[in-house]
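Novice: I have a structure here, written as structure tokens, and I will follow up with some questions on it.
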Amino acid sequence: MKSLLEALKDGRLIELPESSKAEALELLANLLEAVPDIGARVDLVASVMEREAQANTAIGRGLACPHCRSDAEGELLCSVGWSPQGMDYGAPDGKKVHLLVMYYVPDRERNAYLKEISGLAKAVQTGGDSIETISALPDLSSVREKLLDWVGMAIAETMPDAKARMIKLEARQAAAAAAAPQGPIAAAARIVPFRLVAWERGYIVLSRDAALSAALEAKEDLPSRLSALSELDEGGYRIAVLSEAAYSGGRKEYEAIAVQMRKPEGASQN
């Protein structure tokens, strides 16, 4: 699921306007052509259209995976389009397509492409979910969260749980940053992921940022506040809780991110 994860982190997820299948494919191909590693080596629009003419790439249940292959060097890449209203795609089950995941597949990445498609399908089935339900989601942010859930399920199948959870946490952070407005405030923000483990008489903050850990561990009531709120301001940081898990003995674990605003260069330190 590496290329899907990278697409979400890099902002290659868009809401498709009410358009034809050909127009949607062209939009997603243009997103991929904008990736520097691809450049002008291949005409993705023409290649995708040619392959689609040979065989319909709808998988069914609201999903299509259009793709083009290339003999050039490079990594497996994808772009993702969400169609809330659905589009007529000629799917084998006759249903409208709501999610298009377009792949650029270099020859050496064919196996990776097949594994990724298989992993996505398995994650959906394991979660008891249906890609069609994406049509009912209210906005692109909700779609991003759903896709990250599926990526997390697939990752959990191939590596230890702790590492999978950290990758998922970092992916959520990066995807949120890619989706955020890129104005002066967003550019000045520093985002730090962390975990907090709490027990009856205390808690510890696990973070690579020592200043963040010290600032948060100085607050005696932080765990109870995290339980009550999804977001709060504390210790000079804006805290957003991503998940909470309860364990035996009253222990709890939180996964969260802390946003600290950087001062613009040349700003007064007073």
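Novice: Is it true that some residue in the stretch 94-116 is in a loop (DSSP other than H, G, I, E, B) and without any contact (Cβ under 8 Å) to a residue 24 or more places away in the chain? Let's see the steps before the verdict.
Specialist: Initial filter on the stretch 94-116 (in a loop (DSSP other than H, G, I, E, B)): 94-96.
Filter again for without any contact (Cβ under 8 Å) to a residue 24 or more places away in the chain, leaving 94.
Yes, the stretch 94-116 contains a residue that is in a loop (DSSP other than H, G, I, E, B) and without any contact (Cβ under 8 Å) to a residue 24 or more places away in the chain.
Novice: Got at least one residue in the stretch 166-187 being modelled with pLDDT under 70, part of a strand (DSSP E or B) and not acidic (Asp, Glu)?
Specialist: Narrowing the stretch 166-187 to residues modelled with pLDDT under 70: 166-187.
Applying the additional criterion that residues be part of a strand (DSSP E or B) yields none.
So far as the stretch 166-187 goes, no, none of its residues is modelled with pLDDT under 70, part of a strand (DSSP E or B) and not acidic (Asp, Glu).
Novice: Out of curiosity, is Ser243 outside the structural domain of Val80 (by TED's automatic domain parsing), at pLDDT 65 or above and under 30 Å from Ser3 (Cα atoms)?
Specialist: Numbers: outside the structural domain of Val80 (by TED's automatic domain parsing): yes; at pLDDT 65 or above: yes; under 30 Å from Ser3 (Cα atoms): yes.
Taking the combined requirement at face value, the residue satisfies it.
Novice: For residues in the stretch 246-257 being assigned to a strand (DSSP E or B) and modelled with pLDDT of 85 or more, which is farthest from Ala215 (Cα to Cα)?
Specialist: Initially, the stretch 246-257 is screened for residues assigned to a strand (DSSP E or B), giving 246, 252-257.
Subsequent filtering for residues that are modelled with pLDDT of 85 or more retains 246, 252-254.
Details: Ala246: 24, Lys252: 20, Glu253: 18, Tyr254: 16 Å.
Per the stated criteria, the residue is Ala246.
Novice: If we scan the stretch 91-102, do we find a residue that is touching a strand residue (DSSP E or B) at 6+ places or on another chain (Cβ under 6 Å) and loosely packed, with under 14 Cβ neighbours inside 10 Å?
Specialist: Residues of the stretch 91-102 touching a strand residue (DSSP E or B) at 6+ places or on another chain (Cβ under 6 Å): 91-93, 96-102.
Remaining after also requiring loosely packed, with under 14 Cβ neighbours inside 10 Å: 92-93.
Among the residues of the stretch 91-102, at least one is touching a strand residue (DSSP E or B) at 6+ places or on another chain (Cβ under 6 Å) and loosely packed, with under 14 Cβ neighbours inside 10 Å, which makes the answer yes.
Novice: Being among the aliphatic types (A, V, I, L, M), modelled with pLDDT under 75 and more than 30 Å from Val259 (Cα to Cα) narrows it down to one residue among Val105, Val124, Val101, Val97; which is it? Break it down into steps so the answer makes sense when it comes.
Specialist: Numbers: Val105 fails: modelled with pLDDT under 75; Val101 fails: modelled with pLDDT under 75; Val97 fails: modelled with pLDDT under 75.
That would be Val124, the only listed residue that is among the aliphatic types (A, V, I, L, M), modelled with pLDDT under 75 and more than 30 Å from Val259 (Cα to Cα).
Novice: Next question, about the same structure. Conditions first: (1) in contact (Cβ under 8 Å) with a residue 24 or more places away in the chain; (2) buried (at least 16 other Cβ atoms within 10 Å of the Cβ); (3) of a type outside the set (Asp, Glu). Ala72 passes all but one, so which condition is the exception?
Specialist: The failed condition is (2).
Novice: So for the stretch 54-75 (the condition being β-branched (Val, Ile, Thr) and under 20 Å from the mean Cα position of the chain (by Cα)), does at least one residue qualify?
Specialist: no
Novice: Quick check on my filter: what residues within the stretch 1-44 are outside any helix (DSSP H, G or I), farther than 13 Å from Pro66 by Cβ and among the hydrophobic types (A, V, I, L, M, F, W, C)? Outline the logic, then answer.
Specialist: Initially, the stretch 1-44 is screened for residues outside any helix (DSSP H, G or I), giving 1, 10-20, 34-43.
From what's left, farther than 13 Å from Pro66 by Cβ: 1, 10-15, 17-20, 34-43.
Within the stretch 1-44, Met1, Leu13, Ile14, Ala34, Val35, Ile38, Ala40, Val42 meet the criteria.
Novice: Shifting gears a bit: Against the condition small (Gly, Ala, Ser), free of Cβ contacts under 8 Å to residues at least 24 places away in the same chain, in contact with a Cys (Cβ under 6 Å, 6 or more places away or on another chain) and in a helix (DSSP H, G or I), how does Ser47 come out, does it pass? Break it down stepwise before answering.
Specialist: Details: small (Gly, Ala, Ser): yes; free of Cβ contacts under 8 Å to residues at least 24 places away in the same chain: yes; in contact with a Cys (Cβ under 6 Å, 6 or more places away or on another chain): yes; in a helix (DSSP H, G or I): yes.
It is true that Ser47 is small (Gly, Ala, Ser), free of Cβ contacts under 8 Å to residues at least 24 places away in the same chain, in contact with a Cys (Cβ under 6 Å, 6 or more places away or on another chain) and in a helix (DSSP H, G or I).
Novice: Related question: If the requirement is being among the small types (Gly, Ala, Ser) and farther than 24 Å from Val143 by Cα, which of these qualifies: Ala34, Ala46, Ala58?
Specialist: Values: Ala34 fails: farther than 24 Å from Val143 by Cα; Ala58 fails: farther than 24 Å from Val143 by Cα.
After applying the criteria, what remains is Ala46.
The values are calculated or read from the model by the stated rules, or taken from the named source; none is laboratory data. Everything quoted here is computed from the prediction, not taken from an experiment. Virtual Cβ from ideal backbone geometry, glycine too; neighbours counted across all protein chains shown.
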